[in-house]
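S.K.: Quick one: the structure is below, and I'll ask about it shortly.
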Amino acid sequence: MKNWYLFVLIIIFNFSIHAQKLSKTEKRIITLVETNDKEAILLLEKIVNINSGTLNLEGVKKVGDVLSKEFKKIGFKSSWKEVPLEMNRAGHLFCEIETGKVKGKKILLIGHLDTVFERDSEFQEFSRDGNKIFGPGVDDMKGGDIIILFALKALYQADVLKNTQIIVAFTGDEEKAGEPIEISRKDLIDAAKRSDIALAFEGATGLNYATVARRSSGSWLLKTTGVRAHSSGIFNEKVGAGAIFEMSRILNEFYTQLPEKNLTFNPATVVGGTTIDFDTSQAKGTTYGKTNIVSQKSIVAGDIRCLTEEQIQKTVLKMKEIVANNLPGTSATIEFELTYPPMQPTSGNYEVLKVLDEISQDMEQGPVAAFDPSKRGAGDISFVAKYVDGLDGLGTMGGGSHTPKEYMDLENFKVLTQRAALLIYRLINQKGDN
Ligand SMILES: [Zn+2]
């Protein structure tokens, strides 16, 4: 009897500890997200049914217009950032709230309006099957955009957005960033320079992981040349090894000498022979060469992904060294183009993760740990990572991204929105640097 009494007491005690961890305001925010849930899904359906392939400029702008109206309703000013006509991109939607003297952290929230599904794609419509929602961009990342909006809507309704600065950036060309990057990402970088913390809402990797680091992304083009001669003379002093043996030496040395943690490099296309033609923009090539002629030219196009600036520099240097160590009668060059910088796993990013981890535990959903960066590609947050602390992977849970089977899991949608709202709430109440 006595033991039984103690047991009940312990349960009540445990329960009250957890219950106290979420403040009254936070509980109200959670309820508000819950109340708005149906409306959120309806709006998601609306924007998924507007085609916004990156090159459908009117479509991207249309999705932006729908969101812009919603943000105005919750006290945000919005503006459309045009990009030069020759870039053939729609531009970006920026929404901002600034209410008096900012007390806590200044927040930048990142989403994108475009999808990989252009107008000629077979995949155009929103559909629902039980707890799964299918549709182009539903997971990458219109669902994430809706999470941003409805997290902020709950904060607005709870009247906690006073003395804050929050910028929401929806890029219109995340899937195929406009060139040059310095122009297409200028507005995003400017917004980051005025902010303390960036939160990006690309797809979540479960409730118990978030992204504190993303690898860089870039490409390389390797060219080799050899002496054109009759094949019977290959390896002799005048002819040497030929362009293709030189290419295979280089690739083999990349393969055997470069591998290390968080680094990948992928030779994707190879063309070699007597005369070759390779169009990098189309990733297409042709070659001509008879078997009795030593190869004169070859080209390989590949990519490279690194976790840190230091790793990029070190790897590029080593690749150049390998390329320069030519076989007899050959020469080789390599050029690099780095598109996305890395989001490095800084201590500041881990601080933001800690806040999310506490929220998750307070909501009794278990701890949140850092997701393995080698399992993720690059994202828009990478462009601002060196100016702000940040966290990514706060969007929807789902799968099949970039395929006609893309879906979003409805089961966790509300919870992810609630967590996003609390994360923003706690950060705007965290003492800022200014
Ligand atoms: Zn995306």
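The values are calculated or read from the model by the stated rules, or taken from the named source; none is laboratory data. Predicted model, so just to flag it, every value in this text is computed and none were measured. Glycine also receives a Cβ, built like all others from the backbone with ideal geometry; neighbour counts cover every protein chain displayed. Protein only, heavy atoms only, side chains kept; ligands, DNA and RNA dropped before computing areas. Shrake-Rupley method; radii C 1.70, N 1.55, O 1.52, S 1.80 Å.
S.K.: Select from segment 235-316 those GluC sites (Glu not before Pro) which occupy a DSSP coil region and have at most 13 other Cβ atoms within 10 Å, ordered by residue number.
M.R.: Glu237, Glu260
S.K.: Next question. Starting from the Cα coordinates of segment 20-169, work out the convex hull volume and express it per residue in Å³.
M.R.: 120 Å³
S.K.: With runs of 4+ DSSP H residues as the only contributors, calculate the mean residue ellipticity of the chain at 222 nm using -39,500 (n - 2.57) per run, divided by the residue total and rounded to the nearest 500.
M.R.: Computed mean residue ellipticity for the chain: -11000 deg cm²/dmol.
S.K.: Could I ask something else about it? Run the quick spin-label model on Lys24 and Ser281: label points 7 Å from Cα toward the beta carbon, then report their separation in nm to one decimal.
M.R.: 6.3 nm
S.K.: Now a separate question. Measure nothing fancy, just the Cα-based angle from helix 37-48's long axis to the longest principal axis of the chain, in degrees from 0 to 90, nearest 10.
M.R.: In the chain, helix 37-48 runs at an angle near 30 degrees to the longest axis.
S.K.: Let me ask something additional. Kindly give the semi-axes, whole Å and largest first, of the ellipsoid equivalent to segment 277-434, taking each as the square root of 5 times a Cα gyration tensor eigenvalue.
M.R.: Square roots of five times the eigenvalues give 45, 21, 12 Å.
S.K.: Over all directions, average the projected area of the Cα convex hull of segment 190-296 and note it in nm².
M.R.: Projected over every direction and averaged, the Cα hull of segment 190-296 covers 11.7 nm².
S.K.: Mind checking Rg over Rh on the chain, alpha carbons, Kirkwood formula for Rh? Numbers along the way, then the final one.
M.R.: Numbers: Rg = 26.0 Å, Rh = 24.0 Å.
Value, to two decimals: 1.08.
S.K.: What does the extension gain come out to for Glu125 and Lys375, with contour length at 0.36 nm per residue minus their alpha carbon separation? Present the calculation step by step, with values, prior to reporting the outcome.
M.R.: On the way: separation 250, 0.36 × 250 = 90.00 nm, distance 2.89 nm.
My answer for the length gained is 87.1 nm.
S.K.: How long are the semi-axes of the ellipsoid equivalent to segment 110-243, from square roots of 5 times the Cα gyration tensor eigenvalues, in whole Å, largest first?
M.R.: 48, 22, 15
S.K.: Also: How big is the gap, in Å, between the Cα center of segment 22-43 and the Cα center of segment 84-103?
M.R.: Value for the Cα centre distance between the two parts: 26 Å.
S.K.: Which of Glu351, Glu364, Glu86 moves most in a GNM of the chain, Cα contacts under 10 Å?
M.R.: Highest fluctuation of the listed residues: Glu86.
S.K.: Measure nothing fancy, just the Cα-based angle from helix 309-324's long axis to the longest principal axis of the chain, in degrees from 0 to 90, nearest 10.
M.R.: Roughly 10 degrees, rounded to the nearest 10.
S.K.: Now a separate question. Could you bin all the Cα-Cα distances of segment 245-361 into 10 Å bins starting at 0 and give me the percent of pairs in each, rounded to whole numbers?
M.R.: Calculated P(r), rounded to whole percents: 11, 33, 28, 14, 8, 5, 1.
S.K.: Now for a different question. So which residue, out of Val48, Val352, Val239, gets the largest mean-square fluctuation from a GNM of the chain using Cα contacts under 10 Å as springs?
M.R.: Val239
S.K.: OK, next. Could you pull out the trypsin sites (Lys or Arg not before Pro) across segment 193-285 that fall in loop regions by DSSP (anything but H, G, I, E, B) with no more than 12 other Cβ atoms inside 10 Å?
M.R.: Here the trypsin sites (Lys or Arg not before Pro) that fit, given the DSSP loop and packing criteria, are Lys238, Lys261.
S.K.: A further question follows. Give me the percent of accessible area attributable to carbon and sulfur for the chain, probe 1.4 angstrom.
M.R.: Ligands and nucleic acids excluded, carbon and sulfur reach 53 percent.
S.K.: Also, I was wondering about something else. Rounding to the nearest 10 and keeping the result within 0 to 90°, find how far the Cα-based axis of helix 243-257 lies from the longest principal axis of the chain.
M.R.: Around 40 degrees separate the two axes.
S.K.: Can you tell me the order of 422-430, 153-161 when each peptide is scored by its average per-residue count of other Cβ atoms within 10 angstrom, highest first?
M.R.: Descending mean neighbour count gives 422-430, 153-161.
S.K.: Just list whichever of Lys73/Lys386; Lys132/Lys284; Lys21/Lys414 have alpha carbons separated by over 30 Å in the model shown. Please list the in-between numbers first.
M.R.: Details: Lys73/Lys386 33 Å; Lys132/Lys284 38 Å; Lys21/Lys414 20 Å.
Where the Cα-Cα span goes over 30 Å, the pairs concerned are Lys73/Lys386; Lys132/Lys284.
S.K.: For segment 18-138, with the dipole built from +1 on Lys and Arg beta-carbon atoms and -1 on Asp and Glu ones, taken about the Cα centre, which of Asn56, Ser127, Thr99 lies farthest toward the positive end?
M.R.: Checking the options against the dipole of segment 18-138, the answer is Thr99.
S.K.: Build a GNM of the chain with springs between Cα atoms under 10 Å: which of Tyr407, Tyr288, Tyr340 gets the top mean-square fluctuation?
M.R.: Tyr288
S.K.: Please give the FRET efficiency for Phe235 paired with Lys290, using the beta carbon to beta carbon distance and R0 = 22 Å, rounded to the nearest 0.05.
M.R.: 0.75
S.K.: Right, next: For Asn429, what charge total do you get from the other residues with a beta carbon under 12 Å from its beta carbon, if Lys and Arg give +1 and Asp and Glu give -1?
M.R.: +4
S.K.: Cut-off 15 Å, label point 7 angstrom out along Cα-to-Cβ of Glu86: give me the residues of segment 164-185 whose amide nitrogen falls inside.
M.R.: Within reach of a label on Glu86: 179-184.
S.K.: Enter the Cα centre distance for the pair segment 306-349 and segment 379-434, rounded to the nearest angstrom.
M.R.: For segment 306-349 versus segment 379-434, the Cα centre distance is 30 Å.
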